[in-house]
1. Write out, first by first residue and then by second, each pair whose Cβ atoms fall under 7 Å of each other, whose residues are 6+ apart or on separate chains, and whose first residue, in the stretch 46-63, is touching a residue at least 60 places away in the same chain (Cβ under 8 Å) while the second is part of a helix (DSSP H, G or I) and among the β-branched types (Val, Ile, Thr).
2. Which one of these does GLY24 not meet: (1) in contact with an Asp or Glu (Cβ under 8 Å, 6 or more places away or on another chain); (2) at pLDDT 85 or above?
3. Against the definition (surrounded by 11 or more Cβ atoms within 10 Å (Cβ to Cβ) and either assigned to a helix (DSSP H, G or I) or at pLDDT below 90 (or both)), how does VAL67 come out, yes or no?
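The values are calculated or read from the model by the stated rules, or taken from the named source; none is laboratory data. Source: prediction; values computed, not measured. Here the Cβ positions follow ideal geometry from the backbone for every residue, glycine too, while neighbour counts run over all protein chains shown.
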Amino acid sequence: MCGRCRPWPDDRDDRVDDGGNRHGLWGRLAIIALAIATAHFIIVFLFPRIAAQLPRSPYSGFALRVVYEDGRGVLRDVLSESTRHGFSISHIETRHLRRDAPGSARSP
């Protein structure tokens, strides 16, 4: 049998002579695997730190629940202070609680 006609391939069969580059298939796969692993660690560890430094979206919202005794102007004060600090109010929902409900104000 000649040197190029082997029944089972070995590492020497993967080598390609392209101008002196003798890495072969396994060498190229190792380089690709290393690049993918490096990209993975950059995405996992670096992107969250970068994202934490970015400013928050002005359109992300949150809910606030205020329980107060009616007739004292608390809702008006909360709304005026919120807008004074730069928040925008997009939805308001009011509900009357029973006097004996948990969280309701009790008169002395």
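1. none
2. Among (1) in contact with an Asp or Glu (Cβ under 8 Å, 6 or more places away or on another chain); (2) at pLDDT 85 or above, GLY24 violates only (2).
3. Details: surrounded by 11 or more Cβ atoms within 10 Å (Cβ to Cβ): yes; either assigned to a helix (DSSP H, G or I) or at pLDDT below 90 (or both): yes.
Yes; evaluated as a whole, the condition is true for this residue.
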